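J.: Right, I'll just put the structure down here and ask away after.
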Amino acid sequence: MTVKPRAFLRATNLSKLTIKEGVEKIDVNVFMNCTGLTSVELPNSLIELGNSAFYGCSNLSSIKFGNNIQ
C-alpha cells in the first residue's frame with residue numbers, strides 16, 4: 001500500500017500519527033505543512049519514505065522508524 005503525494009497536505013489538526021502495518025511507501029510531500037504534527041510512528045512494513053514527506057512540519061519533534069526503511 002502507498003500513501004499518495006500530498007494526501008494530508010496542510011492537515012493542521014493532525015498531532016500524533018501512527019501509520020499501520022501494510023504501508024510500504026509514503027510518497028513525496030504527503031504530510032507537507034502539517035504544522036500541528038508533533039510525533040510520527042512508522043511501521044516495520046515501510047520500505048520507502050519519499051522526499052520532503054514531512055516538509056514544513058515545524059513542530060515535528062519525534063519520528064520512530066520501522067526496521068525495514070531503506
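What follows is calculated from the coordinates using simple rules that are stated; it is not laboratory data. Predicted, not measured: the structure shown is a model, and the values here were computed from it. Positions of Cβ are generated from backbone atoms using ideal geometry, with glycine treated the same way; all protein chains shown enter the neighbour counts.
J.: Contour minus end-to-end for Val28 and Ser45, with contour as 0.36 nm per residue of separation and end-to-end as the Cα-Cα distance?
T.: 4.4 nm
J.: Going highest first, how would you order 48-54, 20-26 by mean Cβ packing within 10 Å?
T.: Peptide ranking by packing, descending: 48-54, 20-26.
J.: What number does the chain give for Rg over Rh if you use C-alpha atoms and the Kirkwood radius?
T.: Answer for the chain: 0.93.
J.: Before anything else, pin down the relative contact order of the chain: Cα pairs under 8 Å, at least 6 apart, normalised by residue count, whole percent.
T.: With pairs under 8 Å counted, the relative contact order is 33 percent.
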